[in-house]
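Structure first, commentary second.
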Amino acid sequence: MKQPISSIITLVLLGSAPFAACNVNTKDFTFDDDAYEEAKTSDGDGDGDNNGGQGGTTATGDGDLGGGSGDGDGDGEGGDPGTTGDIEPECTMTGELKCDDRQIQVCTGEYFINAGDACEFVCDEGTCTGTCKPGSSECLSETEQRSCNQMGQWSEASECKNVCLGDACGGVCKPGSRSCDDEDTSLKLLCNAEGQWDPDGNCSVGQCEEGACTACTGDETQCTTDSTGVQTCNGSTYDAPEECEDQVCLDGACTGECRPALGGSDPQRRCVAGEPSTQLETCGADGTFGSASGCNFVCVPGSDPGRNDSCGGACKPGEKRCDGTVLMQCASNGLSEEKVEDCSEKSLSCLDIGGGNLGCGECTPGEKEPNNRCAQRMVQTCERGMWVDSDDCTKYLVTLPNVSVCYDGQCTTGNKACDSSRGGAYGCWDAENKWVCNDGADKDGTDLKECITKAACQLTSCITSLTLPPRL
C-alpha cells in the first residue's frame, strides 16, 4: 500500500525520540509503507510453507540475518534479527533528505529510502528543481542554440558555427555561404538551408575562387570600358588600369599616336606644319591622325600644342582688303591686320588693280571691254590701276574731209555723227568713253564750240585741219 511520505516520516520521527522535534515538509512525496515496515522490523512474511520470512534488517556488517518457522498461513513469525557486527548506519537524522541522481531519498534513522518518483529535471539538496534536463540543448533560431547546464538551467544563446538543426548545431557550412568545388575549379557551390553544399553553376570566364568566378586568369590584359587604359590580370582579378597616354587601348594594348574622342573628351587635334599653318588634323578612332581639313584663316596652337590646336585667326596671312580708301593687309600670323596705305592721300582709290590684287589706283583692268578709254585723240589703257597712253590717233593720216579721232577707246576715221544717247547732234572726239558733241552749245561743261581750231562743225562732220583740238 502506497502512503504519503509525510505519514511515514511522521512514524519515523515518533519512533526516534531524539529527533521528535524535526519537522520535514514531505507533502509532495509518496512511497511504500509496507516496504518501510518490513525494513524497520525483523518480522517478514512467510512463504506459505511454514517457513518464516527473512529478517528485514539490511545489515552492512558481518551479522547473519534472522529467520524463524512460519505459522502455516504464510504469516509465520519472523526470525531473530541478525547480529549487526561492525555495521554503521547510513544516516542518523530521521527525515533527512538527499538526492540520488534525480531521486529524492529520506532517512529512516539508519538508512535512506526512495521518496516518491524521480524529479523531472534535477534533484538538488533533496529538492526537485530546474527547467530543463542537464546536457540537453535546443535551437532558438536557424543559427542560435542554447544548452542546459548541470543545474537544469538554460545557458545564454550561442551562435552555431554553421546552422542549428532540430536541437543542436550541425551542418558543414553556413546557409547562403559560397565556396568552390575541390576538384572542379570552375564549379561554384552554394550552402543550402540544412548547411550542406549544393552545385551553383560553372564559371564561363576565369575560375571559381572563394565562391565566385574570377574576372580573369594568368596575366591576360584587357582595355578599360572607355578605352583610355589597359588592365593586367594578377591571376584572378584585374589590377588598376594604366592610362594610355596620347594613345588608345585596342585589343588589350595601348596603340596609336594620339587619343581619339574617349570618355566624353574631345579628340586630340594638331596643326599641320607650315608658316603659317592653315590646316588641322583630328585624331581618329584607331589612334592616328586622319586627313587634314583647311582652316578659314589659320591653325592656332592650343594651350597644349599638338593636342588641342584649333582653327582660328582673323584673316588669311598676306591677304589685302580695302577699308574705304585705306588698303589693309593681314599679318603673317593671321591674327590681325595692318594698314598698308591710305589711297586718298594720292588722290587715288583703293581698288582691284588687276588679277584680284588690291591697291591704290584709278581703274580696274578688265572692268570694261575694251580695257581702254579716250582722252581727246589719245587712247589710254588701264594697267595696274592706272590709265596709261597706249595709242595716239593723230598719227593716222586720213583723206580729207575725214579725220582720225578716238572713239569708244580706239582710233577711228570718217564722219561720225552723235546720236541722241551720246548727248548731241554733232561731235568731234570721245571723252570718258563718250562722244563729245557740239551743236553750238556747251553740252558737257567744256566749251567745245570748235572741233578744230578756227573751224566749225558743219552738218554732221568736222572740217579737216592740220591743227588738232586741245586735249581735255
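Values in this text are rule-based calculations from the coordinates and carry no lab data. From a predicted model like this one, the values you see are computed outputs, not experimental measurements. In this analysis, Cβ positions are derived from the backbone assuming ideal geometry, glycine residues included, and neighbour counts consider all displayed protein chains.
Of the GluC sites (Glu not before Pro) found in segment 133-196, those that fall in a DSSP loop while having at most 10 other beta-carbon atoms within 10 Å are E156, E183.
Database remark: amide H of S136 closer than 5 angstrom to the amide H of C148 (H placed geometrically; neighbours at sequence offset of 5 or more, or on other chains; Pro and chain starts carry no H).
A P(r) calculated from all alpha carbon pairs of segment 230-321, with 5 Å bins opening at zero, reads 3, 14, 19, 18, 14, 10, 7, 6, 4, 2, 2, 1, 0, 0 percent.
By the Cα gyration tensor, segment 320-361 has an equivalent ellipsoid whose semi-axes, rounded to whole angstrom, run 19, 12, 6 from largest to smallest. Using the Stokes-Einstein relation with a Kirkwood hydrodynamic radius computed over Cα pairs, the translational diffusion coefficient of segment 111-263 at 4 °C and a viscosity of 1.567 mPa s comes to 62 µm²/s.
Each Lys or Arg adds one and each Asp or Glu subtracts one; over the other residues with Cβ under 12 Å from the Cβ of E220, this totals -3.
Quarter the surface of the alpha carbon convex hull of segment 95-171 and you get the mean projected area, 5.5 square nanometres. Amide H contacts of S310 (H built 1.01 Å from N, in plane; Pro and chain starts excluded): V300, G302 sit under 5 Å, all sequence-distant by 5 or more or on other chains. I want to check the label-to-label distance for E138 and D198. Put each point 7 Å from Cα in the C-beta direction and report it in nm to one decimal. Going by the 7 Å Cα→Cβ label model, 2.9 nm.
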